[in-house]
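Q: Quick one: this structure, given as structure tokens, is what I'll be asking you about.
The values are calculated or read from the model by the stated rules, or taken from the named source; none is laboratory data. Bear in mind the structure is a predicted one, so any value in this text is a computation, not a measurement. Note that each Cβ is placed from the backbone with ideal geometry, even for glycine, and that neighbours are counted across all protein chains shown. These accessible areas exclude ligands, DNA and RNA; they are computed on the full protein's heavy atoms, side chains included. Shrake-Rupley method; radii C 1.70, N 1.55, O 1.52, S 1.80 Å.
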Amino acid sequence: MGKKRVYTLAKELGLSSRELVEIIRNMGIEIKSHSSTVTEEEEERIRRFVKGEEKKKKEEVEKVEEKEERKEVREERPVAVTIKEKRRRPKRPQVDRQEVEKKLKETLAKLERGERLPKRRKKKKREVEEEEEENVVKVTEFISVAEFAKLIQVDPTEIIAKCLEIGLPVTINQRLDFDTISMIAEEFGYKAVLHEEYEIEEIEEESEYGEERERPPVVTVMGHVDHGKTSLLDRIRQTNVVATEKGGITQRIGAYHAEYDGKKITFIDTPGHHAFTAMRARGAQVTDIVILVVAADDGVMPQTIEALNHAKAAGVPIIVAINKIDLPQANPMMVKQQLAEHGILVQEFGGDVLCVEVSAKTGQGIDELLEAILLLAEELKLTAPFEGPATGVVLEVKKEKGRGNVVTVLIEKGKLKIGDAFVAGIAHGRVRAMFDEWRRKMNEATPSTAVEILGFDELPEVGDRFVVVEDERKAREIANKRRAVKREQERRRPVFGLELFQEELKKGEVKELKLIVKGDEAGPVEALADAIQDLSTEEVKVNVIHRGVGEVSESDILLASASKAIVVAYHVGAPPQVRELAKREGVEIRTYHIIYDALNDIRSAMAGLLEPIEVEEEIGEVEIRQLFKVPKVGIVFGCYVRQGRIVRGNPVRVYRGEELIKETKVSSLKRFKEDVKEVEEGYECGVGLEDPKGIKEGDIIRVYEIIKKAREL
């Protein structure tokens with residue numbers, strides 16, 4: 001007897017694989033997944049059953065639609081006066097009855113003529129009723145006194161007076177944190193709700209979107225370097241991308257579109273995991289499916305594990321593509337076993353992860369891979385409205401000579417057109433031109449389409465939300481507000497360390513401590529990571545979400561930021577740009593040289609027993625330009641502060657190139673013959689050191705500050 005796969009039968013019956021699998025199981029026929037087969041006899045039974053069910057369903061749908069139509073007409077009511085309208089009106093002793101009656105008559109007249117009220121209005125009414133019940137006011141973090149006063153329709157002096165009552169002197173333009181806003185809001189009878197992008201939410205609520213339709217899946221291709229990510233895309237798109245890329249390595253993030261079986265697929269090709277994680281760090285989940293490319297001859301490598309951890313942390317379904325299957329030394333079974341060791345069970349091993357063996361060189365298995373993508377996309381039921389103001393996510397940013405600021409945006413919903421005003425993070429502008437991956441001009445872009453856009457006033461950040469607004473004035477206003485908020489956030493941003501973890505633990509807000517472990521050798525890293533995970537208790541789970549060999553990288557920081565994790569560095573450091581990124585993202589890095597110290601700190605943190613420690617923090621870098629011998633004083637150095645600041649009395653280290661020459665202290669500090677306490681970046685000064693012997697012109701002084709803080713990872 002001939003057998004047929006479930007997903008093939010589903011196509012013939014016009015059903016999704018998921019729906020058919022459910023039907024077959026309900027009929028008592030045993031199958032594992034959509035890749036299972038059914039006999040001819042079972043196929044005939046299924047076809048008869050589906051035909052009967054369709055007829056029944058059609059009759060039921062017709063009845064329900066008729067009932068809903070009648071119910072919808074009955075439910076239409078006059079729209080309540082919104083809370084905002086109430087706030088805008090001057091206070092009156094009673095409601096303006098004439099206005100309400102006028103609106104009531106207009107609404108009833110519309111209903112009598114058979115006109116339907118817009119659905120959006122009905123939705124708005126429910127939201128207004130909820131707001132009126134709780135008297136909710138939506139605010140962004142670090143809103144100014146003036147902006148908050150305007151929102152709740154009171155005079156700013158009243159807000160200032162309330163702040164003074166609680167011992168907080170403020171000015172009209174001062175920005176308040178959310179805790180203060182909540183407290184003040186309660187004083188005026190409101191409940192404050194935090195919305196990161198309040199203006200954008202309002203715009204989206206008030207926008208008219210068309211009916212949702214099926215959209216193409218967005219697929220990110222990830223894997224170890226040289227495992228053939230770009231070659232695979234090249235084969236799929238039947239174009240020679242590799243020849244245009246320097247040395248065969250992807251030089252930038254590209255978003256490409258392919259078509260298979262009449263359906264479109266959008267591919268995001270990344271040179272690493274930076275963009276993928278940066279988007280997650282900002283709450284953007286643009287990827288529907290991750291293709292993990294593993295070479296059949298090399299097997300699972302460090303970057304494969306890193307890609308795997310990123311995909312698992314994001315909760316995105318994975319399809320494994322075992323590439324280079326044409327090579328004589330190819331061993332796909334080894335790859336599957338290695339993946340199983342890292343928690344990825346393919347269907348062949350009884351798991352639920354699709355695995356396809358492919359060759360980017362010969363084209364073997366490419367059709368099966370595309371089929372797997374479309375099957376998984378069908379199960380995910382991906383839809384979006386194709387009409388209305390466009391929203392999306394920034395994938396790539398760059399400056400190009402002759403083109404200016406060029407930004408690649410993936411459209412999530414709505415339709416983007418030439419001339420649309422937009423805002424993305426702290427950037428704004430108007431769409432001057434749009435291009436596809438071949439630099440062909442486009443007039444419009446719909447969901448799951450990636451486009452290059454010209455017209456940004458400045459470059460946004462990768463992962464920023466892109467939203468079309470009514471006009472450029474509105475876009476500029478939102479961007480300016482965000483700039484002010486961003487400055488305040490960077491100034492006050494807390495670092496997520498064990499101190500903050502302890503506080504959240506006491507409040508019952510966290511039950512899991514996430515860590516990233518990096519070290520100089522694989523053996524000690526595995527030992528440390530395993531020992532850390534063994535510290536888990538019933539109350540708190542310790543989870544090492546990534547472990548790797550080498551210095552702490554930008555990718556580690558972004559993964560930590562996105563997952564709210566702490567980085568443990570064992571016998572390795574972090575380059576200056578990585579430390580700077582960690583500071584911006586609020587990620588803590590702690591270096592250890594003894595495994596016991598790291599375990600002791602984590603155990604103590606979980607028990608809430610961390611003692612304060614002295615921490616050394618680099619605060620400035622100074623270049624020695626001249627050397628003077630001053631009678632009765634000794635040697636004084638003429639210096640230039642390259643970055644940060646130098647402070648009298650602080651400890652310093654003197655370097656010649658990468659070599660440490662001396663550790664000493666700043667004994668004196670002068671500007672134009674006057675003693676000063678500190679000198680800022682960009683200024684020259686005279687520096688006296690406690691031990692100046694052996695120091696020469698051209699040496700670099702690194703200035704440190706000792707601060708006491710709670711022990712953190």
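Q: For the stretch 524-534, which residues satisfy the criterion of being open to solvent by 50 Å² or more (accessible area, probe 1.4 Å) and either assigned to a strand (DSSP E or B) or not hydrophobic (A, V, I, L, M, F, W, C) (or both)?
A: E526, D530, Q533, D534
Q: V320: modelled with pLDDT of 90 or more and either buried (at least 18 other Cβ atoms within 10 Å of the Cβ) or over 26 Å from G550 (Cβ atoms) (or both), yes or no?
A: For V320, the condition - modelled with pLDDT of 90 or more and either buried (at least 18 other Cβ atoms within 10 Å of the Cβ) or over 26 Å from G550 (Cβ atoms) (or both) - is met.
Q: Quick one: which residue in E690, E697, E684 is in contact with a Leu (Cβ under 7 Å, 6 or more places away or on another chain), surrounded by fewer than 18 Cβ atoms within 10 Å (Cβ to Cβ), more than 30 Å from A605 (Cα to Cα) and at pLDDT 90 or above?
A: E697
Q: I want to confirm something. Restricting to the stretch 323-350 and keeping residues that are more than 28 Å from K518 (Cβ to Cβ) and of a type in the set (V, I, T), which single residue is most open to solvent (accessible area, probe 1.4 Å)?
A: Step by step, filter the stretch 323-350, then rank; the result is I325.
Matching residues to (1) among the β-branched types (V, I, T); (2) assigned to a strand (DSSP E or B); (3) under 22 Å from I707 (Cβ atoms):
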{"site": "S536", "(1), (2), (3)": "no, no, no"}
{"site": "V542", "(1), (2), (3)": "yes, yes, no"}
{"site": "V552", "(1), (2), (3)": "yes, no, yes"}
{"site": "S561", "(1), (2), (3)": "no, no, no"}
{"site": "A569", "(1), (2), (3)": "no, yes, yes"}
{"site": "A582", "(1), (2), (3)": "no, no, yes"}
{"site": "R603", "(1), (2), (3)": "no, no, no"}
{"site": "V615", "(1), (2), (3)": "yes, yes, yes"}
{"site": "G620", "(1), (2), (3)": "no, yes, yes"}
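Q: Which of the residues that make up the stretch 617-634 are of a type in the set (D, E, K, R) and surrounded by 11 or more Cβ atoms within 10 Å (Cβ to Cβ)?
A: Across the stretch 617-634, the qualifying residues are E618, E621, E623, R625.
Q: Got a sec? Which strands (runs of 3 or more DSSP E) wholly within the stretch 295-409 have at least 2 residues that are closer than 20 Å to R237 by Cα, in contact (Cβ under 8 Å) with a residue 12 or more places away in the chain and in contact with a strand residue (DSSP E or B) (Cβ under 8 Å, 6 or more places away or on another chain)?
A: Once the strands (runs of 3 or more DSSP E) in the stretch 295-409 are filtered for at least 2 residues that are closer than 20 Å to R237 by Cα, in contact (Cβ under 8 Å) with a residue 12 or more places away in the chain and in contact with a strand residue (DSSP E or B) (Cβ under 8 Å, 6 or more places away or on another chain), what remains is 318-323, 354-357.
Q: Filter the stretch 629-655 down to residues that are modelled with pLDDT under 90 and among the charged types (D, E, K, R) and give me whichever is nearest to E580 (Cα to Cα).
A: Only one residue fits best here, namely K629.
Q: So, one more: Please specify each residue of the stretch 14-30 satisfying the condition of being of a type in the set (A, V, I, L, M) and under 15 Å from L375 (Cβ atoms).
A: Passing the criteria: L15, L20, V21.
Q: From V666, V679, V703, grab the single residue that is over 42 Å from the mean Cα position of the chain (by Cα), at pLDDT 90 or above and buried (at least 16 other Cβ atoms within 10 Å of the Cβ).
A: V666
Conditions tested, residue by residue: (1) more than 30 Å from the chain's Cα centre (by Cα); (2) modelled with pLDDT of 75 or more; (3) open to solvent by less than 40 Å² (accessible area, probe 1.4 Å).
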{"site": "K138", "(1), (2), (3)": "no, no, yes"}
{"site": "I172", "(1), (2), (3)": "yes, yes, no"}
{"site": "F178", "(1), (2), (3)": "no, no, no"}
{"site": "S182", "(1), (2), (3)": "no, yes, yes"}
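Q: Answer yes or no: is there a residue in the stretch 192-204 that is modelled with pLDDT of 75 or more, open to solvent by less than 80 Å² (accessible area, probe 1.4 Å) and touching an Asp or Glu at 6+ places or on another chain (Cβ under 6 Å).
A: No.
Q: Residue pairs, Cβ under 6 Å, 6 or more apart or interchain, first in the stretch 149-175 and more than 11 Å from F188 (Cβ to Cβ), second of a type in the set (G, A, S) and open to solvent by less than 90 Å² (accessible area, probe 1.4 Å). List them.
A: P156/A146; P156/A149; I172/A146; N173/S144; R175/S144
Q: Out of (1) touching a residue at least 24 places away in the same chain (Cβ under 8 Å); (2) farther than 23 Å from A479 by Cα, what's the single condition that is false for E452?
A: The one condition E452 does not meet is (2).
Q: Quick one: which residue in R491, R465, R473, R482 is of a type in the set (K, R), at pLDDT below 75 and over 28 Å from G343 (Cα atoms)?
A: Step by step, each of R491, R465, R473, R482 is checked, and only R491 is of a type in the set (K, R), at pLDDT below 75 and over 28 Å from G343 (Cα atoms).
Q: Hey, among the residues in the stretch 645-660 that are surrounded by 17 or more Cβ atoms within 10 Å (Cβ to Cβ) and assigned to a strand (DSSP E or B), which one's nearest to the chain's Cα centre (by Cα)?
A: Filtering the stretch 645-660 for residues that are surrounded by 17 or more Cβ atoms within 10 Å (Cβ to Cβ) and assigned to a strand (DSSP E or B), the one nearest to the chain's Cα centre (by Cα) comes out as R645.
Q: Okay, next question. Exactly one of these conditions fails for L164: (1) open to solvent by 50 Å² or more (accessible area, probe 1.4 Å); (2) under 13 Å from K481 (Cα atoms). Give me its number.
A: The single condition L164 does not satisfy is (2).
Q: If you check Y596 against the conditions, is it within 30 Å of N543 (Cα to Cα) and surrounded by 14 or more Cβ atoms within 10 Å (Cβ to Cβ)?
A: For Y596, the condition - within 30 Å of N543 (Cα to Cα) and surrounded by 14 or more Cβ atoms within 10 Å (Cβ to Cβ) - is not met.
Q: Here is a follow-up. If the requirement is being part of a helix (DSSP H, G or I) and either on the phi > 0 side of the Ramachandran plot or surrounded by 11 or more Cβ atoms within 10 Å (Cβ to Cβ) (or both), which of these qualifies: E59, E22, E41?
A: Going through E59, E22, E41 in turn, just one is part of a helix (DSSP H, G or I) and either on the phi > 0 side of the Ramachandran plot or surrounded by 11 or more Cβ atoms within 10 Å (Cβ to Cβ) (or both): E22.
Q: How many of the residues making up the stretch 346-360 are of a type in the set (A, V, I, L, M), under 20 Å from A311 (Cα atoms) and over 27 Å from the mean Cα position of the chain (by Cα)?
A: Final tally of qualifying residues: 2.
Q: I've got another one for you. In the stretch 284-297, is there at least one residue being at pLDDT below 80, under 25 Å from A424 (Cβ atoms) and of a type in the set (A, V, I, L, M, F, W, C)?
A: Yes, the stretch 284-297 contains at least one residue that is at pLDDT below 80, under 25 Å from A424 (Cβ atoms) and of a type in the set (A, V, I, L, M, F, W, C).
Q: Go through the residues of the stretch 361-375 one by one and say whether even a single one is over 30 Å from I426 (Cβ atoms), under 24 Å from the mean Cα position of the chain (by Cα) and modelled with pLDDT of 90 or more.
A: Yes, the stretch 361-375 has at least one match.
Q: Being closer than 30 Å to G425 by Cβ, at pLDDT below 65 and not in a helix (DSSP H, G or I) is the requirement here; does V510 meet it?
A: yes
Q: Looking at G573, G548, can you tell me which residue is in a loop (DSSP other than H, G, I, E, B) and under 26 Å from the mean Cα position of the chain (by Cα)?
A: G573
Q: Could I ask something else about it? So Y655 fits all but one of (1) out of contact with any strand residue (DSSP E or B) (no Cβ under 6 Å at 6 or more places or on another chain); (2) without any contact (Cβ under 8 Å) to a residue 60 or more places away in the chain; (3) of a type outside the set (D, E, K, R); what number is the exception?
A: That leaves (1) as the condition not met.
Q: If a residue has to be open to solvent by less than 20 Å² (accessible area, probe 1.4 Å) and β-branched (V, I, T) to count, how many in the stretch 421-463 make the cut?
A: So the answer is 4.
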